[in-house]
Structures are given as structure tokens and as C-alpha cells.
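Note sheet for the following structure.
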Amino acid sequence: MDTNQIRKEFLLFFESKGHKVFPSDSLVPKDTTLLFTSAGMNQFKEYFLGIKKDVKRAASCQKCLRTQDLDKVGKTAYHHTFFEMLGNFSFEDYFKEEAITWAWEFLTRNLNLKEENLCVSVYEDDEEAYNLWKKKIGLPSEKIFRFGAKENFWPSNAPQDGPNGPCGPCSEIFFDWGKETGCKKSSCNPSCGCGRFVEVWNLVFTQFNRVGPNKLEPLPSKNIDTGMGLERISSVIQGKFTNFDIDIIKPLVEEIEKIVEKKDLSLIRAIADHLRAVVFAISDGVYPSNQERGYVVRRILRRALWFSFNLGRKAPFLHQLVPLVAELMKEPYPEIFSRQKIISQVILAEEEKFLENLERGKQLLFSQIEEICQKKEKIFPSSVVFKLYDTYGFPLELTSFILKEKGLKTEERELKALLEKQKEISRAKSKFEPTIFVEKKIPVDYSTEFLGYEKESLKVRIKAIIKSREILESYSSNEEVALILDKTVFYPTSGGQLSDKGRIEKEGEGGFLFEVTNVEKVEEVILHIGFLKKGKLYKNAQALASIDKRRRKALCRAHTSTHLLQAGLRKIIGSHIQQQGSLVDEDYLRFDFSHFKSLSQEELARIEEEVNNYISQSLKVNFYYLPFLEAKKRGALAFFEEKYQDLVRVVEVEGVSKELCGGTHLTNTSQALVFTIISESSVSSGIRRIEAWVGEKAYKELSRAKEGLKRISSLLKTQEENLEEELRKLLAVNRALNKEVYFLRKKILEETEVKKLLNNYLEVEGIKAVIFEFQYKDEKLLRDFLDILKRKVQDNFIFLGFVRDKEKIVLNITSTEDVFEKGVSSKEICLKITKKLGGWAGGREDFSFGGAKIREKINLSKIKELFLEAIKDKL
């Protein structure tokens, strides 16, 4: 039975038992506390918590991504980063008897596994489960193993170690490969890690609430949460001792074997696993980057690339395997097949970037390793590990892996401090901290009704006053404070759109004026943050809340234009375009999207024209609500970072765009007035960014640009339509003059400087070293001049020239052939000098170059001193 058939059989079986079959959730979970979907139960969290009650029984095959066991992937038969989890769930419905009976029925009848090859484990104190297996199913006692809370409780060892909250015993079903497999000991049982027993299904009985160490209280409502790894059960059914030999993975392993030079099967399997994980993550909208989910994907991909590098493959190739992954997974996940082109291109861009960074960072890493080993030390500097990560994009895990291979380690606490400091520097500072609502349960009566789609002002009541994480009855100071209202017209910062601003005021006796400068939302609470301008605030005060209408209109213009931009991109560039982030400000927008290369000026012009066409067509903008799945079926686009409720708001521009969006918008595209693109740039590998002006700001900037063209035309004494041709002529003249200056300078140097420098050398162990600061800020001219110097001597010379400005220094080093033959490497000397300066180096053994940012006073004497230190180490 192939894997696709097993998946179908499972879902059909539980559908016949009254379960609602749910499609796999995205790898990006709705639960914002998780980076990735890592278990089948993740999408059912609200059912387990009793928030949703419309479904009592559910079943799914969930795609999952985990990195906890990254080091084990490829080395063991069953560990993966990406895998599929079959699961059946009960929410306050059936319990142990049905879960056990149906699991046994499916394995023995639907999958035809022989009963003699199966055994089970139960929690040592779970008599109910034990008796069900023994009396209901008929398993002999020797096939039922009792284990402690570490093995058979979920979470593992929860009674003792926690955490507090729902938990329960579990029962695991194992397949026994037979006595001749594994350790072959007579005492071997499912707790042995020899490989004889394979856990295929875990049945978790959530029946307790932990309130303290070894304090378990019965839950009033009990749940069932089961998980069976699809790849693992497939390996059993297909008679394979490893998941990597099943039908949906083995062809990929075999293809990688053909491509790499060395045949290390554990590394090849790890590459196959990691590629599957990256393909599915990118398909779900997670692109490699240095942030959160993107960093995890980059880390997995770069680990696969490093393994490939170690297996002799020095060129990009993983992107070529995406079509194979797509073909193998086409039946259950057709979206992979349809998106394979963009996935391949994103992976190729990341491969190229990694190999480039690897070469640069590797020089620094291995030179430092060599130095540490020469000193016979075992601790690698945390500062260098951080620099590799921060400057060269070296994943920390990759550096750690290399250091481990060399028998070195780093000071983890110091490294953690450096990383935390970096986070603090980059973290946006916010004066108001709404953590009072994160750390404490929000009272139900603090929720705020939003009426800002229909109204611009509204009579409201102040429900709470928040200052420094305290709830106040009244307030009269002029420091920043937050108000909670019973209802509001203020749209909070959400979905990339910045918040409304405005005022909350009361006239007459007891009057006040409160200026709203920012609005934030924490769960269902809307916080109106700002400053009291006059009077005194007090709880339950009635007031008039009014937004800044001019700002709202500008935000609406930018937000609707963002939707039009995405529509234009998808029409002109391709349907693979997916939103990766956005910022909506007053008549300004920033839109991040998935694409593998920069857009040409011609493409940008076409996109801008398309958006302005949508605006000029005066298209109606409609708003309506639909169930989430229905909206998706009708083609509404969703931003993967957003978490949507069951009922979603759809914003539709007639015939052009349909998106799930809670933001404020225009009612007709003509209200956007005009759209102009400011810039297009790279955010990270596979993600591009467009910035644009709209409305009044676009009109003003276009007017200013037009005036600028007039001034330039006047300066060049030509008409606007002839500007381009006139500039081409000027640039051609400029290039010719620069070329002439270059050759004149080269000639002057040869006639006036060569003899002077060759007579002014340092001698070290018989080698003549000429070290000088180059008078021109021209690195190409410096390289040519070094060649001139080298041609003027026979042998025994090494030359170092450098140029510098206020920010950086660049060195070039070359030598005659005999010096290199004596073991003096220009590359190594350059590396040692730039390392002391905190910089980088590259090149060949007989010609090298490097540079560094200037952090201290650097002059000719300093460079000579560093050179002498470096060359004496080699002689």
C-alpha cells in the first residue's frame, strides 16, 4: 500500500466513525505562540479549550515542521524536520474505549497488520487503559507494557515537572520487527532504543488538570488527542526499516546520491528531509530570512547546503530537485506542484547567497580555528561566532557544527548576551506597554465595539484609564496614558495599517480634551493612547470620540492602493506573488512580496500604469463577510502572517481584487487620485519591496519632479524630451575624460613613484617589503600600479599598498614568485592584518586583497607594524 493510499484510508475510516475531516492547516499556525505547526492538534486548540463547540469529533492529516531533533535527522530511521501527522480527536465526546478500539481496528483490519507483530504501552497507574487492551482487545499481558510518566504521560513527566494545565496518560502502539532485529536481547521491550520496536501511534487521554507537583485534579470534560506519523506507518506497511526508503522519499534520496560526490547516506538523507521542509515552508509563504520563521527556514536550508558542500557538491543544485518533490507530493498537495517554479527560484537565490557568504565567512572562521588550535586552546571566541552570524549570515548552528567537528566550543552565555544586545538595539521602542493585558486575564467588559467603518465620530463612555500598567479611576497629569472605551471609531494599528489619530473630548462642566496619538489592540481591547490636553479624565465619563478625517482619508487611499498594487503585480509579474508584509501610512505604502529577482524599470512602469488604470476606471469597492473557508474558495487572498476568525471581512475591488482585510478603505478607486512608485528593493532572499506614494502626496511629488526636470532642462539648455539624449552625451564625454585621467595618472606614477618606492623598502629575513599608502582613492589603479612595481624587480620582493578614507581601509598585497615559494602567502598575511583590524580578506596566495571599517587611528606606521607581525609568523 502506497503512502497516498494510507493517508486516504485513515481519513475515510474516521469519517465513517462520525469524525469531521479537516484539511491540513498551514505550516504557519493560527496560534501566535507557535512559529510552526508542529502537531496535528495545533489547529484544534480552540476546541480543546472549549472556545469552539460546533465539532465533537475531528480527523486530519497535518503537515508539520519541527526542529527539536535537527541533529538526529538522517542519522536515525525516523526523525524528520518535515513530516505528516495522522490524527483523530475527541472534544468532550468519546474517550479511552473508542480511541483504543478504533486504533486497533484500523491497524489490523484496514492496514492488515498482524496482531502478533503489535504490542502496546500504558501509563503505570492507568488501570482503565490496561484493562481495555487486555479485556476489550484481548492482548495478552506480555504484550502490554507499563511505563512511568516520562514515557507514557503527556506532556512527558508532567505530574512531576509540569507545566500546570491539562494533561493525561497516553498509550502507545508499537510494531515489532522481531527478535532477530536490534539488540537481540531477551529483555528487549519498547523502551529499548535498539530499533526493534517502532512506535506507530500515540493515544493521549487528556483527563487531568495539573495544579502543582504531583497534584492532578480530574477534568470535568475529557478529550482525546492521537498522533500517528504517516511516514512511520508507511515504512511499516511497506516493509522498510527506515522512513527514507518509503515511496514518497526514496526517489529524492536516490537523486541526491547521483548528484553528490561522496556517499554518506546519513547526510544524503538529511539533505532530502531538509529540502522537503523548505519546499513546504516556502509554499506556505515562509521565505528564508533573518527573522523568526524565515530564519528557521534559512537555517534548515543552509544546513542542507553545508552537508552538500561536505559531500563534494560546491555548486547550487537543490533548486533542481523541487520538481521531483512536487511530483512526489502532487496528489495530496497540488499547490506544491503549481508553485514549484517560484519555490525553485527562491531556493536558487538562497543557494547562491549562501555559497558566496560561506566563502567569505569561511576564511575568517578557519583562520581563527587555526590560531586557537596552534595555542592548544579549546574555547572559540564568542565575538567571532557573533560576527560570522551578524556580518556574514553564517547560521549559529552551522558555526557550532564546524566547531564541534574541530573539537572546539564557545562560551554560550557570552554569545547569548551579544545576541540579546543586538535584539535590544534593533527592537522598536514603545513608550506604552500594554503588558498588563498580556500578563493578566482581560475582563470581558473591557472589550471594545469597533464602529469606525460606518462613522467618523461617536459618543462614547470611558471604561478604564491605564497608566504604567495600573488601572485608575481618574487622571489629570500630562503624561502618556491609555483609555478603553465602550465603543470606538478609532482603527487600531493592525494588518500593516497605522492607527487613526484624533481626539476624545467632553464640553461643559467636568469637560476635558484628550489627544489620541496612537491606537493599539490587545485581543478584544482597543487602547486609545495619548495625552490629556486639558481638564481631568475619570472612569465612566461620557465624551465625543472623533478621528482625524484628513488622516483617515489618506490611510484609506494608501490601503486600497496596496490592494490594487498586489493585483497589478499578480497580473503583470505572475500569480506566484504573495504578500509578505506591508505598511500603510498617510498617502504612503510599503508592500513586501515574494519574488526571486528585482523588477526591471519597464516592469515597474507597467505596474504603475496598471494601478493608475484601476484608479481611472472608478471601480466600486465592496465589503462583505463570509466564512473563512468559503472566502478562500471564492479566491480571496489572505496574508499568511494574519490570523483570521471563522467569519472574515472581504474587501473586493470589482473585477480586480478580492482580499481578506479588516482595514479601512475607499468606496471607489477614483478616490485614490494617483499612484506613483518611489522604489523597488530587496528585503531578503526571495522577498522584494515596493514603496509608493498615492493621493495628495503623489500629486505633490510628481509636481516637484516636473519642476525639477524643467530646472535641469534649463541648465543643460535643452527641451525636456531631449534630456535623456543630452545626458547620454555628457556621460560619454565623462567616461572618456575619466579614462584619459586614469592613463595619465598611471603614466605619472610609473615615471615618478616607482623608483622612489623601490629604494624605500623594509628587509625581513632577506625579503624586501615595499609598504605604502596610495595617493589616489582608486583600487583598480592601485592593483595596476602593484603590477608595474612587480615587473620592475626580479625577485625577493613583497608589495603592500592601501587606500583609505574616513570610513574604511582597503589593502592589496602581491609578491614575486620566489617569495611565495618560500612559504610566504600574500593571502595569509592580508588575512592576519585585516583580522587585527576587524575586517576581511580574499584572493590568491600570490595576490590578495582585504579591507576593514576604520575603528581606530590607522596610518602607514600602523600598517607596517601589523605587516611585520604577520610576516614574522611565517618566517
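Just one of (1) surrounded by fewer than 18 Cβ atoms within 10 Å (Cβ to Cβ); (2) at pLDDT 90 or above trips up G312, so point out which.
(2)
Based on what the data block shows, is F354 outside any helix (DSSP H, G or I), within 19 Å of the chain's Cα centre (by Cα), among the aromatic types (F, W, Y) and buried (at least 17 other Cβ atoms within 10 Å of the Cβ)? Spell out how you get there, then give the answer.
On the way: outside any helix (DSSP H, G or I): no; within 19 Å of the chain's Cα centre (by Cα): yes; among the aromatic types (F, W, Y): yes; buried (at least 17 other Cβ atoms within 10 Å of the Cβ): yes.
Here the answer is no, as F354 does not meet what is asked.
Looking only at the range 587-631, which residues are in contact (Cβ under 8 Å) with a residue 12 or more places away in the chain, farther than 23 Å from Q345 by Cβ, under 31 Å from the mean Cα position of the chain (by Cα) and assigned to a helix (DSSP H, G or I)?
Hits for the range 587-631 are E608, V611, F628, A631.
A quick yes/no check of all residues on (1) buried (at least 19 other Cβ atoms within 10 Å of the Cβ); (2) in contact with a Ser or Thr (Cβ under 7 Å, 6 or more places away or on another chain):
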position: Q62; (1), (2): yes, yes
position: D69; (1), (2): no, no
position: G74; (1), (2): yes, yes
position: A77; (1), (2): no, yes
position: F95; (1), (2): no, no
position: W104; (1), (2): yes, no
position: S121; (1), (2): yes, yes
position: A129; (1), (2): yes, yes
position: K135; (1), (2): no, no
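Given the options E454, E433, name the one that is out of contact with any strand residue (DSSP E or B) (no Cβ under 9 Å at 6 or more places or on another chain) and modelled with pLDDT under 90. Break it down stepwise before answering.
Values: E454 fails: modelled with pLDDT under 90.
None of the others qualify; the one that does is E433.
How many of the residues in the range 584-634 are within 15 Å of L666 (Cβ to Cβ) and either open to solvent by 50 Å² or more (accessible area, probe 1.4 Å) or out of contact with any Gly (no Cβ under 6 Å at 6 or more places or on another chain) (or both)? Spell out the reasoning first.
Keep residues of the range 584-634 that are within 15 Å of L666 (Cβ to Cβ), which gives 584, 586-587, 589, 611-612, 614-623.
Pick out the ones that are also either open to solvent by 50 Å² or more (accessible area, probe 1.4 Å) or out of contact with any Gly (no Cβ under 6 Å at 6 or more places or on another chain) (or both) and you get 586, 589, 612, 614-623.
Residues flagged as within 15 Å of L666 (Cβ to Cβ) and either open to solvent by 50 Å² or more (accessible area, probe 1.4 Å) or out of contact with any Gly (no Cβ under 6 Å at 6 or more places or on another chain) (or both) within the range 584-634 amount to 13.
Quick check on the range 319-329. Is at least one of its residues within 18 Å of the chain's Cα centre (by Cα), of a type outside the set (S, T, Y) and in a helix (DSSP H, G or I)? Before you say what the answer is, go through the steps one by one.
Residues of the range 319-329 within 18 Å of the chain's Cα centre (by Cα): none.
Checking the range 319-329: not a single residue is within 18 Å of the chain's Cα centre (by Cα), of a type outside the set (S, T, Y) and in a helix (DSSP H, G or I).
I'd like to check something: does the range 330-349 contain any residue that is β-branched (V, I, T), under 29 Å from S283 (Cα atoms), open to solvent by 50 Å² or more (accessible area, probe 1.4 Å) and touching a strand residue (DSSP E or B) at 6+ places or on another chain (Cβ under 9 Å)? Let's see the steps before the verdict.
Quick first cut of the range 330-349, residues β-branched (V, I, T) only: 336, 342-343, 346-347.
Adding the requirement that they be under 29 Å from S283 (Cα atoms) leaves 336, 342-343, 346-347.
This time we only want the ones that are open to solvent by 50 Å² or more (accessible area, probe 1.4 Å), so: none.
No.
Do any strands (runs of 3 or more DSSP E) lying entirely in the range 789-875 carry at least 1 residues that are under 20 Å from G361 (Cβ atoms) and either aromatic (F, W, Y) or open to solvent by less than 10 Å² (accessible area, probe 1.4 Å) (or both), and which ones are they?
On the way: elements: 797-804, 808-815, 840-843, 847-853.
The qualifying strands (runs of 3 or more DSSP E) are 808-815, 840-843, 847-853.
Answer yes or no as to whether K240 is touching a residue at least 24 places away in the same chain (Cβ under 8 Å) and not hydroxyl-bearing (S, T, Y).
On the way: touching a residue at least 24 places away in the same chain (Cβ under 8 Å): no; not hydroxyl-bearing (S, T, Y): yes.
Against the criterion (touching a residue at least 24 places away in the same chain (Cβ under 8 Å) and not hydroxyl-bearing (S, T, Y)), K240 does not qualify.
Of the residues that make up the range 360-381, is at least one within 22 Å of the chain's Cα centre (by Cα), under 28 Å from L318 (Cβ atoms) and either open to solvent by 20 Å² or more (accessible area, probe 1.4 Å) or not aliphatic (A, V, I, L, M) (or both)? Can you show your working first?
Residues of the range 360-381 that are within 22 Å of the chain's Cα centre (by Cα), as a first pass: 361.
Applying the additional criterion that residues be under 28 Å from L318 (Cβ atoms) yields 361.
Checking the rest, the ones that are also either open to solvent by 20 Å² or more (accessible area, probe 1.4 Å) or not aliphatic (A, V, I, L, M) (or both) come to 361.
Yes, the range 360-381 contains a residue that is within 22 Å of the chain's Cα centre (by Cα), under 28 Å from L318 (Cβ atoms) and either open to solvent by 20 Å² or more (accessible area, probe 1.4 Å) or not aliphatic (A, V, I, L, M) (or both).
Could you list, in sequence order, all residues of the range 94-122 that are part of a loop (DSSP other than H, G, I, E, B) and free of Cβ contacts under 8 Å to residues at least 40 places away in the same chain? Explain how you work it out, then say what you get.
First, pick out the residues of the range 94-122 that are part of a loop (DSSP other than H, G, I, E, B): 94-95, 111-114.
Answer for the range 94-122, where residues must be part of a loop (DSSP other than H, G, I, E, B) and free of Cβ contacts under 8 Å to residues at least 40 places away in the same chain: N112, K114.
Which condition from (1) open to solvent by less than 60 Å² (accessible area, probe 1.4 Å); (2) out of contact with any Ser or Thr (no Cβ under 8 Å at 6 or more places or on another chain); (3) more than 21 Å from P288 (Cβ to Cβ) is the one that G581 breaks?
Of everything listed in (1) open to solvent by less than 60 Å² (accessible area, probe 1.4 Å); (2) out of contact with any Ser or Thr (no Cβ under 8 Å at 6 or more places or on another chain); (3) more than 21 Å from P288 (Cβ to Cβ), G581 misses just condition (3).
Out of the range 487-497, which residues are assigned to a loop (DSSP other than H, G, I, E, B) and either in contact with a Phe, Trp or Tyr (Cβ under 9 Å, 6 or more places away or on another chain) or crowded, with 17+ Cβ neighbours inside 10 Å (or both)?
Quick first cut of the range 487-497, residues assigned to a loop (DSSP other than H, G, I, E, B) only: 489-493, 495-496.
V489, F490, Y491, P492, G495, G496, listed by residue number.
In the range 266-290, what residues are part of a helix (DSSP H, G or I), within 16 Å of H576 (Cβ to Cβ) and among the acidic types (D, E)?
The answer is none; no residue qualifies.
When you go through K314, K263 one by one, which is the residue that is within 26 Å of the chain's Cα centre (by Cα) and assigned to a loop (DSSP other than H, G, I, E, B)? Break it down into steps so the answer makes sense when it comes.
Working: K263 fails: within 26 Å of the chain's Cα centre (by Cα).
K314 is the lone residue from the list that is within 26 Å of the chain's Cα centre (by Cα) and assigned to a loop (DSSP other than H, G, I, E, B).
The values are calculated or read from the model by the stated rules, or taken from the named source; none is laboratory data. Keep in mind that this is a model prediction, so the values were computed, not measured. Cβ atoms come from the backbone with ideal geometry, glycine included; neighbour counts cover every protein chain shown. Calculation scope for accessible area: heavy atoms of the full protein, side chains included, ligands and nucleic acids excluded. Shrake-Rupley method; radii C 1.70, N 1.55, O 1.52, S 1.80 Å.
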